[in-house]
Amino acid sequence: MALSVDPAPVEANRFEAMRHAMVASQLRTSNVNDPRVVEVMATVPREAFLPPEHRAMAYRDGLLPLVGGRRHNSPLATGRLLTEAAVQPGDHVLLVGAAGGYTAALLARLAKSVVALEEEDSLVAIARGGLAGEAGVTLVQGPLDAGWADAAPYDLLLIDGAVEQVSDALLAQVKPGGRVATGVIDRGVTRLALGRRTEGGFGLVDFADIECAILPGFRRLRTFQF
């Protein structure tokens, strides 16, 4: 009589091996050098925050397809944003573009509290399941460019994707002296950038050219040219 084998432990071991390969080949070789960031990315199961049909690609070096033309940031893009943001244990964070909740789960282990904002219904449903039990995360739904003023002000605004501009509504929710880490779209090229809000204004400085998931709702207003 043949013995049946439970596939769950085998599958879990396979994902764990892929996760550690991702850390070694994608993160450690590309300036994701904050030990805390490396540790959480080696621990949190990214596959648990993706649609079932895409879980096999969870640790691929690239963007993953999501619903409605959305895409999921690569592990490298997310890792670089977290590293440059220098997340502190006492930080209150607004995450914009939470998708299925993966980056929110990472931030929950790095910061004090996280408000994870997503607007797409199906992604919110995935995030709700993946983040169940994460006491430090509040999952909210609404337009990404509007932020979540009810829990402002924030020490850190992390936009896990690329935008043409950071909306005034989002910036108003960041404390003076607070940081902003985001992807930006510059003449068709996506980059990662870091900035700090001050009483005198706000600016971003690029730190890496990386393929980045483009988020909806952040188009820069076009002006007529004569």
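The values are calculated or read from the model by the stated rules, or taken from the named source; none is laboratory data. Computed from a predicted model, the values in this text were never measured in an experiment. Neighbour counts run over all protein chains shown; Cβ positions are idealised from the backbone, glycine included. SASA here: full protein model, heavy atoms, side chains in, ligands and nucleic acids out. Shrake-Rupley method; radii C 1.70, N 1.55, O 1.52, S 1.80 Å.
Values computed for the structure shown
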| item | result |
| --- | --- |
| Sole exception among (1) within 21 Å of residue 116 (Cβ to Cβ); (2) open to solvent by 40 Å² or more (accessible area, probe 1.4 Å); (3) more than 17 Å from the chain's Cα centre (by Cα) for residue 196, by number | (1) |
| Qualifying residue in region 134-146 (condition: within 19 Å of residue 105 (Cα to Cα), in contact with a strand residue (DSSP E or B) (Cβ under 8 Å, 6 or more places away or on another chain), open to solvent by 60 Å² or more (accessible area, probe 1.4 Å) and at pLDDT 95 or above) | yes |
| Any hit, region 79-101, residues being over 16 Å from residue 34 (Cβ atoms) and among the basic types (Lys, Arg) | no |
| Strands (runs of 3 or more DSSP E) (entirely within region 139-226) containing at least 3 residues that are of a type in the set (Gly, Ala, Ser) | 174-186, 201-209 |
| Residues being within 16 Å of the chain's Cα centre (by Cα) and either under 14 Å from residue 196 (Cα atoms) or surrounded by fewer than 16 Cβ atoms within 10 Å (Cβ to Cβ) (or both) - total across region 156-169 | 5 |
| Filter result (touching a strand residue (DSSP E or B) at 6+ places or on another chain (Cβ under 6 Å) and among the aliphatic types (A, V, I, L, M)) within region 171-192 | 171, 174, 180, 181, 184, 185, 192 |
| Count of region 23-55 residues which are in contact with a helix residue (DSSP H, G or I) (Cβ under 8 Å, 6 or more places away or on another chain), hydrophobic (A, V, I, L, M, F, W, C) and either open to solvent by 50 Å² or more (accessible area, probe 1.4 Å) or closer than 25 Å to residue 128 by Cα (or both) | 9 |
| Unique match (being of a type in the set (Ser, Thr, Tyr) and out of contact with any Gly (no Cβ under 7 Å at 6 or more places or on another chain)) among 190, 182 | 182 |
